[in-house]
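One structure is given below, encoded as structure tokens.
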Amino acid sequence: MKSRSGRLLIPTLLVSVAIIVTLNAWLGFRAIQSLHDSEYAVAHTWQVINQVESIMSSAKDAETGNRGYLITGDDNYLEPYTTAQRELPGKLDHFASLTVDNSLHQRQLVEMRAVLDQRLDLLRQGIELRRTSDHDTIRSLVLSGTGKAEMDHLRRIADVMESEERRLLALRSEAADRDNRRAHYIIALASGLDLLFIIFLFRYFATERAMRLAAEQDAENIAIARMDAEKKAEEVRLLNASLEQRVKERTRELETINHELEAFSYSVSHDLRAPLRTIDGFSLALEEDYQNAVDATGRDYIRRVRNGVQRMGQLIDALLQLSRITRAEISREHFNMTELAEAVGSVLKEENPDRDIVFTIGPGLEADGDPRLIRVAMENLFGNSVKFSSKKPNTVIEFGWDKEKRAWFVRDNGAGFDMFYADKLFNAFNRLHGDKDFRGSGIGLATVARIIHRHHGTIWAEALVDRGATFWFTLG
């Protein structure tokens with residue numbers, strides 16, 4: 001829809017511009033035509049006024065020439081009269097054509113023709129009388145005042161005509177000025193609109209050109225990017241092929257290492273245990289059968305040997321468990337974490353019947369993970385809390401889920417530890433307390449960390465010396 005609107009935009013703009021330009025041209029033409037009509041009307045009025053004045057001038061010339069002839073008898077004075085007599089009919093006809101649309105002037109023209117005919121007839125009689133030398137009749141004709149009355153009548157008619165034309169001239173001049181101003185305004189407005197549209201079209205086409213250039217540049221960039229992508233895809237394909245080969249090689253190496261670990265585990269379970277069983281058996285025989293043959297120091301040495309052998313056995317068991325956990329398959333499922341924790345706590349309470357141990361376990365807790373491995377982790381965490389709180393008169397161990405941290409926790413009121421050494425806590429054989437204070441293998445927390453990491457989780461601890469410790473973990 002957007003592309004279709006974009007395609008229709010330019011034709012719509014062009015049609016709109018054509019319509020507006022045509023309208024502006026029509027308005028300009030109308031304004032100029034109106035101005036032309038007004039100026040024509042003004043010029044026509046001036047023609048009428050000049051024609052009236054020309055008629056009156058010819059009448060005066062005829063009157064002057066006649067008077068000169070009557071006084072002198074010289075025919076040369078009759079030339080203005082003769083000219084006026086010849087031109088006046090044409091001037092009157094021309095005036096009639098100029099005022100054909102003015103009924104008032106037409107009526108006044110009829111009256112003017114009659115007065116002029118009378119006056120010219122009277123002048124002609126005077127000339128004829130002058131030629132017959134009848135001076136008394138001429139004198140009586142001049143003194144009669146008829147000629148003056150006719151000329152006054154003629155002047156009044158001409159004054160009325162000229163006054164009317166002067167009034168029309170004022171109106172038409174005002175209309176011409178008004179049309180002139182209107183024409184200028186319309187032309188200026190039309191020119192301004194045309195200029196605005198030209199600027200708009202220029203900006204529009206400039207924007208279109210910039211967008212087209214940008215699109216071409218984008219297309220070029222896309223083509224380059226496509227080439228780069230294809231090149232990188234080829235590189236990735238080659239890297240994947242190389243990676244697959246490396247994975248296969250690494251898998252073979254891991255399989256070899258696993259076989260070696262299995263062989264090592266077998267060796268530890270059988271080859272190392274056999275000498276330990278021998279040492280433990282003979283030391284037990286010495287302790288039971290020859291206790292009277294050795295003094296107290298010897299019996300203490302035998303006891304130490306047996307304790308060392310037993311501790312070595314415990315270390316071997318812990319290492320074997322850590323090895324099995326490292327190689328064990330993860331089988332995730334949804335299980336009841338509360339029931340698992342309560343089961344582990346019950347076992348520990350049965351193993352320590354002479355201690356006051358209280359487990360506070362959150363109800364209705366559920367988790368996703370491998371319940372077999374999680375049980376091993378919980379046994380080590382709970383066992384760790386039981387061990388390091390053994391010097392307290394009563395042991396309180398709390399387990400639950402923290403909604404804010406979104407993590408599981410095991411909290412106790414035991415010996416705690418210095419947080420300066422917290423980064424060594426989950427490494428194998430790194431113990432923060434001496435074996436004299438708290439016996440252990442140093443493998444338990446390393447086993448817990450291995451289980452949590454195999455669940456793609458994290459584990460950390462917080463503690464204060466003699467104030468207890470809290471172990472946090474997530475299951476990914």
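Read-outs: derived from the displayed coordinates by stated rules, not from any lab. These numbers were taken from a predicted model, which means no experiment stands behind them. Note that we place each Cβ from the backbone using ideal geometry, even for glycine, and neighbour counts take in every protein chain shown.
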Cβ-derived FRET efficiency at R0 25 Å, ASP402 paired with ALA422, nearest 0.05:
0.85
Length gain on complete extension for the stretch ASP354 to VAL247, per 0.36 nm per residue less the alpha carbon to alpha carbon distance?
33.1 nm
Spin-label point model (7 Å from Cα, Cβ direction): what's the ARG67 to GLU111 distance in nm?
2.5 nm
Report the extension gain between LYS60 and ARG86 in nm, rounded to one decimal, defined as 0.36 nm multiplied by the number of residues separating them, less their alpha carbon distance.
8.0 nm
If you add up the charges near THR45, with Lys and Arg at +1 and Asp and Glu at -1, over every other residue whose beta carbon is less than 9 angstrom from its beta carbon, what do you get?
+1
Which lysines, on any chain, are close to LYS91 with Cα under 20 Å apart, when same-chain ones fewer than 8 places away are left out?
LYS60
The alpha-carbon center of segment 35-88 and that of segment 356-394 are separated, in whole Å, by 140 Å
Once Lys and Arg are counted +1 and Asp and Glu -1 for all other residues with Cβ under 14 Å from that of ARG86, the total becomes -2
Longer than 31 Å from Cα to Cα, which of LYS248/LYS424; LYS349/LYS405; LYS392/LYS424 are they? Say none if no pair is.
LYS248/LYS424
Hey, could you get me the Stokes-Einstein D for segment 195-245, Kirkwood radius over alpha-carbon pairs, 25 °C and 0.890 mPa s, rounded to whole µm² s⁻¹?
176 µm²/s
How do 161-171, 415-425 rank on mean C-beta neighbours within 10 Å, highest first?
161-171, 415-425
How big is the convex hull of the Cα atoms of segment 331-473, per residue, in Å³?
108 Å³
